[in-house]
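Below you'll find the structure, written out as structure tokens, and then a few comments.
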Amino acid sequence: MSTEMKGDELQNGLKPKPKKESAKKVPKEKKEVAPTGKEVKKETKLGMTIKKNDNFGDWYSEVVVKSGMIEYYDVSGCYILRPWSYAIWEILKDFFDAEIKKIGIQNSYFPLFVSEQALTKEKDHIEGFAPEVAWVTKSGNTDLEVPIAIRPTSETVMYPVFAKWIRGHRDLPLRLNQWCNVVRWEFKHPTPFIRSREFLWQEGHTAFATKKEADVEVETVLELYRRIYEDYLAVPVVKGIKSEVEKFAGGLYTTTVEAFIPNTGRGIQGATSHCLGQNFSKMFEIHFEDEKGERALVWQNSWAFTTRVIGVMVMIHGDDKGLVLPPRVATVQVVVIPVPYKNVDSSVMLDACHEVSQKLESAGLRVKEDTRDNYPPGWKYSDWELKGVPLRIEIGPKDIENKQVRMVRRDNFEKEDVPLDNVAERAVALLDEIQASLFKKAKEERDLCIKEVLKWDDFIMALNDKKMVLAPWCDDVEVEEDVKKRTKGDTGAAKTLCMPFEQPDLPEGTLCFASGKPAKRWALWGRSY
Ligand code: 86X
């Protein structure tokens, strides 16, 4: 999903290059030649073999597969979301769904298929995206009379019926959301969660009588997106407004939450909340009779976040041992592992584990007892580290004797012995600490990646140093296009990520770093996904 909401390779004027249609392969099992001369299958290593800082791309592929989040699939750009990742999606979905319902948005479901006539009704919006649309052309061996498109987004599915449903001001606001999949047949290199040809999202589509109401919603929804990233996924984001070049072309203005991946030095659009103005209501003739009995066009918004959020979280927190899950999105927050000992009755440890996990569950935590008797404790430790479980509790004979358990944090591997009477309280506190500490660490690192510059040469230096750049800008479309041209290289052009809502002081007379014209505001620039 390019910058998920827009095919930015097309916006950049780059033609998508057809790529080989082979699905990306999971590293193959190594074969070794045995002394007998026969080939023997060597078991693929269970743990991580690639370090995050050695080869970030391969590290990412390895971590999403070995942690059990993703299974590769034989259609290029499509991935299986296993329970270990889907459960995260469900947690975020539950949060967001409850919040939008509180403010009066309703769920609905519109069809997956779009007729060609509906899809091409508003040509301007579709034109640049056309190469990404997937079509159904046959049933069995018979050509369909008319090909049918698979939704890449649902404006053309929903807005014709908005026009039908909205008659008078009493029909407003109309505020709908749907949870669904969409398909965009992209040719850029696919990456699980980050850019896939099919992905899951929620898309909100709303219509109001006034711009003021629409503006308020844009901001409210953007704040929900910030909470998903910062409060749940412990990923810091910058809230801001997109430049004219980078906004959704069909809309009036686009607001965004922007994240940053330090390893690649790239910004990544986290989610967008658009005010569409009256552009779509003109095209689809969505009007209403206002209180004065006059015909008026509705004001519309649309907004979405996608399964990309999971990929960003993995990239930010994962380490050389595997996934690191923030407690608020971890399906399993605490894993309890018995540590049997030679000549000691292991049922004592098993009973203690059970007792502890019940206490934790009663305290509202998501707990897993790992009682598998075919794996030694050390193996289990590595396995749950790979899967990113935030807190591990070990219980061995010594602990039983001392009426304590050992707690080990996934984020920093700190260990502590906790009295049995205190386990639930301490686990709750530790999980809060882990959540806060993951965010703090990520934010400190992100902040170090924002460089404030005033001059072009410093801008280039910061970019080449894999940083984002905050620079005073004249806000001219031609200047942004020019910066793109001047920075085009193997690693891709720099563009504005957003104009942050939070702006540093801009003293009178400050000049644009790129054009030397008077600067209007600070913009955040960077290479991006
Ligand atoms: C842009 C805009 C908008 C509703 C959102 O960002 C939030 C949720 N939609 C989506 N966009 C397209 O309009 C689009 C259209 C076609 Cl035909 C396509 F193939 C790909 C697209 N990608 C993005």
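The values are calculated or read from the model by the stated rules, or taken from the named source; none is laboratory data. The structure displayed is predicted, hence computed values, not measured ones. FYI the Cβ positions are ideal-geometry reconstructions off the backbone, even for glycines, and counts take in every protein chain you see.
If a residue counts only when it is at pLDDT 95 or above, which strands (runs of 3 or more DSSP E) contained entirely in region 18-103 have at least 3 such residues?
70-72, 79-81
Which of the residues that make up region 105-127 are in a loop (DSSP other than H, G, I, E, B), within 13 Å of the ligand (Cβ to nearest atom) and either farther than 30 Å from residue 216 by Cα or modelled with pLDDT of 95 or more (or both)?
Passing the criteria: 110, 120.
Would you point out which residue out of 309, 335 is crowded, with 24+ Cβ neighbours inside 10 Å, assigned to a helix (DSSP H, G or I) and touching a residue at least 40 places away in the same chain (Cβ under 8 Å)?
309
Please go through region 128-170 and give me each residue that is touching a strand residue (DSSP E or B) at 6+ places or on another chain (Cβ under 7 Å), part of a loop (DSSP other than H, G, I, E, B) and within 16 Å of the ligand (Cβ to nearest atom), ordered by number.
133, 134, 151, 152, 153, 154
Go through region 236-274 and report how many residues are assigned to a loop (DSSP other than H, G, I, E, B) and among the aliphatic types (A, V, I, L, M).
4
Please state which one of 186, 217 is within 12 Å of the ligand (Cβ to nearest atom), assigned by TED's automatic domain parsing to the domain that holds residue 88 and touching a Ser or Thr at 6+ places or on another chain (Cβ under 7 Å).
After applying the criteria, what remains is 186.
What's the number of the condition residue 448 fails, among (1) under 23 Å from the mean Cα position of the chain (by Cα); (2) surrounded by 13 or more Cβ atoms within 10 Å (Cβ to Cβ)?
Result: residue 448 passes all but (2).
Of all residues in region 189-214, which are assigned to a loop (DSSP other than H, G, I, E, B) and either in contact with a helix residue (DSSP H, G or I) (Cβ under 8 Å, 6 or more places away or on another chain) or not assigned by TED's automatic domain parsing to the domain that holds residue 80 (or both)?
192, 193, 194, 209
Could you identify the single residue in 259, 249 that is out of contact with any His (no Cβ under 6 Å at 6 or more places or on another chain), away from the ligand (no atom under 13 Å from the Cβ) and not aromatic (Phe, Trp, Tyr)?
On the way: 249 fails: away from the ligand (no atom under 13 Å from the Cβ).
Going through 259, 249 in turn, the sole match is 259.
For residue 439, only one of the following conditions fails: (1) assigned to a helix (DSSP H, G or I); (2) over 26 Å from residue 236 (Cβ atoms); (3) within 31 Å of the chain's Cα centre (by Cα). What is its number?
Of everything listed in (1) assigned to a helix (DSSP H, G or I); (2) over 26 Å from residue 236 (Cβ atoms); (3) within 31 Å of the chain's Cα centre (by Cα), residue 439 misses just condition (2).
Which of the residues spanning region 287-302 are in contact (Cβ under 8 Å) with a residue 60 or more places away in the chain and either of a type in the set (D, E, K, R) or surrounded by 24 or more Cβ atoms within 10 Å (Cβ to Cβ) (or both)?
289, 290, 291, 298, 299, 300, 301, 302
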